[in-house]
Amino acid sequence: MRAPLIAGLFSLVLCVLCACNSTGANGAPVDPNAPAALGSLRHARVAAPDLAKGERLVYFGSSLSDEHVARLERDAPNLELVLGLSREEALARANEAHGVDSFYATPEFVAAAPNLAWVQIKSAGVDRYIDTEHLGHNEALVLTNLRAVSGPIIADHVFALLLAMTRDLPVHLANRATGTWDRAGSGVFEPVGLAGRTLLVVGLGGIGSEVAKRAKGFGMTVLATRRSEAERPDYVDVQGTADRLDDFLPRADVVVLCVPLTDETTGLMNAERFALMPDGAYLVNIARGKVVDTAALMAALDGGRLASAGLDVTDPEPLPADHPLWSYPNVIVTPHTAGRGELTLTRLEIMYSENLRRFAAGEPLYNVIDRDAGY
């Protein structure tokens, strides 16, 4: 009940702590909700390069605010937005569509849509799309996602979980029901401070970067792995490519998993890697449940390698009512809700409408999926 309030308060504090990082290369302030801050042009592609500029394009979408619809009517007059169709209604009109939300992009729809050039996945994760024949293996379609849109809210959730563990909050929240004033605490979560400790971000993408900024605001030493050898940002102390993970794990008091689910990251945190972590470390997973070997996770908790785990995602998911993880007093589970929040919706519409404008103008799209990398 109190988790949203806690997360919201930390969000406010952390925005102030991290404000010093919100500058561009010339030192000028960067709008965190500007499209350039929400998307990547690394693999940018024009979705319909063979169409003449200004040619009428039809897009099937689920919803868009009146403000953004009005903006597109002004800035993209050749774009016809068709909003709110059911899947059945969209299928009946599939031959009209040049672009669609992923909600409509069923195998039947794609087969019936000869003009289809672009599918917008309205989430950061793409694992359930990338392995499909009709989308992931269809090179004629440009796939885009919303990889950085929910970064701030998910990063807030990471610290809501982490602070709940390090400050022994679950017992005090539970004591509200009985009006119990008990300063002894649970004996399960030992209160500790974050300043001076080391946090490892596994996957320094749009979400991982937001986690790293907040960790730096708490006075933590920040380690990070990322796929490329990009320049190290100033809110990361030590950075390395993914093959440095085993070097970093022994140094990490807190490990936060932010990687996409790919063949390489499935089972990434296994028994061997938990064994590399120092005793009493903390794990937070907001990536995908299958990034963690659940049996190895429970063994690490049983053996004291992990003091606690905060999980917004699990394997299996949803977590069955009789699953042993529910019985661990030092595990906090939230039901894949880390990305929920009004800021996510605001940023989603900004990125979504900007890609619609680019689509209509024949410009390269933000956040194009790299099929070879799997995200």
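The values are calculated or read from the model by the stated rules, or taken from the named source; none is laboratory data. From a predicted model like this one, the values you see are computed outputs, not experimental measurements. Positions of Cβ are generated from backbone atoms using ideal geometry, with glycine treated the same way; all protein chains shown enter the neighbour counts. Side chains included, ligands, DNA and RNA excluded: accessible areas come from the protein's heavy atoms. Shrake-Rupley method; radii C 1.70, N 1.55, O 1.52, S 1.80 Å.
Quick notes on this structure:
- Which numbered condition Gly125 misses (of (1) open to solvent by less than 40 Å² (accessible area, probe 1.4 Å); (2) outside the structural domain of Val255 (by the TED database); (3) not in a loop (DSSP other than H, G, I, E, B)): (3)
- Any hit, the stretch 246-254, residues being among the small types (Gly, Ala, Ser), within 19 Å of Glu210 (Cβ to Cβ) and surrounded by 13 or more Cβ atoms within 10 Å (Cβ to Cβ): yes
- For the stretch 65-85, the set of residues classified as free of Cβ contacts under 8 Å to residues at least 40 places away in the same chain and within 22 Å of Leu141 (Cβ to Cβ) consists of Glu80, Val82, Leu83, Leu85, listed by residue number.
- Checked against (1) under 15 Å from Phe359 (Cα atoms); (2) part of a loop (DSSP other than H, G, I, E, B), Val58 passes all but a single condition, namely (2).
- Filter result for the condition that a residue is on the phi > 0 side of the Ramachandran plot, outside any helix (DSSP H, G or I) and either open to solvent by less than 20 Å² (accessible area, probe 1.4 Å) or in the same structural domain as Ala160 (by the TED database) (or both), over Gly219, Gly240: Gly219
- Qualifying residue in the stretch 177-194 (condition: assigned to a helix (DSSP H, G or I) and more than 30 Å from Gly39 (Cα to Cα)): yes
- Test for Leu116: is it under 30 Å from Leu51 (Cβ atoms), crowded, with 24+ Cβ neighbours inside 10 Å and in contact with a His (Cβ under 8 Å, 6 or more places away or on another chain): yes
- Among residues of the stretch 340-352, those that are farther than 12 Å from Lys122 by Cα and open to solvent by less than 80 Å² (accessible area, probe 1.4 Å), counted: 4
- Just so you know, in the stretch 320-357 the residues that are hydroxyl-bearing (Ser, Thr, Tyr) and in contact (Cβ under 8 Å) with a residue 12 or more places away in the chain include one that is farthest from Val188 (Cα to Cα), and it is Ser353.
- Count of the stretch 264-291 residues which are of a type in the set (A, V, I, L, M), assigned to a strand (DSSP E or B) and either over 18 Å from Leu162 (Cα atoms) or open to solvent by 10 Å² or more (accessible area, probe 1.4 Å) (or both): 1
- Looking only at residues in the stretch 304-361 that are within 22 Å of His157 (Cα to Cα) and among the aromatic types (Phe, Trp, Tyr), the one that is farthest from the chain's Cα centre (by Cα) is Tyr328.
- Neighbours by Cβ (under 6 Å, 6+ apart or cross-chain): first from the stretch 49-64, surrounded by fewer than 19 Cβ atoms within 10 Å (Cβ to Cβ); second modelled with pLDDT of 85 or more and small (Gly, Ala, Ser): Lys53/Gly362; Val58/Ala97
- Looking across the stretch 299-313, the residues that are closer than 20 Å to Pro170 by Cα and either touching a Ser or Thr at 6+ places or on another chain (Cβ under 7 Å) or not β-branched (Val, Ile, Thr) (or both) come down to Leu301, Asp302, Gly304, Leu306, Ala307, Ser308, Ala309, Gly310, Leu311, Asp312.
- Of the residues making up the stretch 92-113, those that are open to solvent by 60 Å² or more (accessible area, probe 1.4 Å) and either among the aliphatic types (A, V, I, L, M) or not in a helix (DSSP H, G or I) (or both) are Ala92, Arg93, Ala111.
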